[in-house]
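Participant: Sharing a structure here in structure tokens format.
Rule-based calculations on the coordinates, nothing more; no lab input. Just so it is clear, the model here is predicted, and its values are computed rather than measured. Here the Cβ positions follow ideal geometry from the backbone for every residue, glycine too, while neighbour counts run over all protein chains shown.
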Amino acid sequence: TDLQDALGEAAAGDEIWVATGVYTPSAIYTESFQLVPGAGLYGGFIGSESEREQRDWETNPTVLSGDIDNNDITDPTGVVTSLLNVVGRNSFHVIYANGTTGTPITETTVVDGIIITAGWAATASLL
């Protein structure tokens with residue numbers, strides 16, 4: 001299942017288990033992974049687990065990356081370790097939690113065992 005599809009179908013109380021690997025929101029820099037109020041997003045799986053406690057997020061890193069062009073300089077796990085290593089245009093916000101409209105984000109919304117990297121929010125202002 002695609003991670004964006006899983007997030008789109010999730011509801012409060014659901015758990016989304018994400019396998020090791022690097023995931024980008026889409027090829028469009030304004031897209032993000034939208035958190036679901038009350039749902040859990042858990043990384044570190046290899047795909048054979050039957051219980052959440054069986055995952056090993058240190059051995060099996062799950063990375064949500066804003067590197068939509070796949071051209072940033074990363075470590076072996078796909079993590080950008082310096083702003084100087086961001087190349088070109090990246091996703092503005094890798095994950096997004098809307099806590100002001102609809103159902104608010106609360107302490108029951110969980111992101112666990114996930115590495116978030118390479119977002120590149122930018123704004124312009126006129127003086």
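Participant: Please list 3J(HN,Hα) in residue order for the stretch 22-30, calculated via the Karplus relation 6.51 cos²θ - 1.76 cosθ + 1.60 where θ = phi - 60°; whole Hz, with x for glycine and proline.
Facilitator: Rounded to whole hertz, the list is 10, 10, 10, x, 4, 8, 9, 5, 8.
Participant: Under a Cβ-Cβ cut-off of 12 Å, what is the net charge of the residues other than W120 that fall near it, where Lys and Arg count +1 and Asp and Glu count -1?
Facilitator: Working: positive: R89; negative: D67, D69, D72.
Around W120, the surrounding residues sum to -2.
Participant: Would you tally the net charge around D5, using a Cβ to Cβ cut-off of less than 15 Å, leaving D5 out, and scoring K and R as +1, D and E as -1?
Facilitator: Details: positive: none; negative: D2, E9, D14, E31.
That works out to -4.
Participant: log10 I(q)/I(0), Debye, Cα-only the stretch 27-91, no solvent, q = 0.23, 0.28 Å⁻¹?
Facilitator: Debye curve over Cα of the stretch 27-91, log10 I(q)/I(0) at q = 0.23, 0.28 Å⁻¹: -1.04, -1.15.
Participant: A follow-up question, please. What is the diffusion coefficient of the chain in µm²/s, taking the Kirkwood radius over Cα pairs and the Stokes-Einstein relation at 4 °C with a viscosity of 1.567 mPa s?
Facilitator: Working: Rh = 15.3 Å.
In µm²/s, the coefficient rounds to 84.
Participant: For L83, L3, L41, which order do you get if you count the other beta carbons within 10 Å of each Cβ and list the fewest first? Each step should come with its number before you reach the end.
Facilitator: On the way: L83 8, L3 18, L41 25.
Neighbour counts put them in this order, fewest first: L83, L3, L41.
Participant: Rounded, prolate or oblate: pick one for the stretch 58-125, where a ≥ b ≥ c are the square roots of the eigenvalues of its C-alpha gyration tensor, a/c under 1.5 means rounded, and failing that, prolate if a/b is larger than b/c, else oblate.
Facilitator: On the way: a/c = 3.15, a/b = 1.29, b/c = 2.45.
Oblate shape, in that a/c is at least 1.5 and b/c is the bigger or equal ratio.
Participant: Counting other C-beta atoms within 10 Å, and keeping those with at most 15, which DSSP coil trypsin sites (Lys or Arg not before Pro) do you find in the stretch 29-125? Walk me through the intermediate numbers first.
Facilitator: Numbers: sites: R52, R55, R89; in loops: R55, R89.
Filter output for the stretch 29-125: R89.
Participant: If the elastic network links every pair of Cα atoms under 10 Å, which of L64, L84, L35 fluctuates the most in the Gaussian network model of the chain?
Facilitator: Maximum fluctuation in the GNM of the chain, among the listed residues, is at L84.
Participant: Multiply the residue separation of T77 and Q4 by 0.36 nm, subtract the distance between their alpha-carbon atoms, and state the gained length in nm to one decimal.
Facilitator: Working: separation 73, 0.36 × 73 = 26.28 nm, distance 2.07 nm.
Extra length from T77 to Q4 when fully extended: 24.2 nm.
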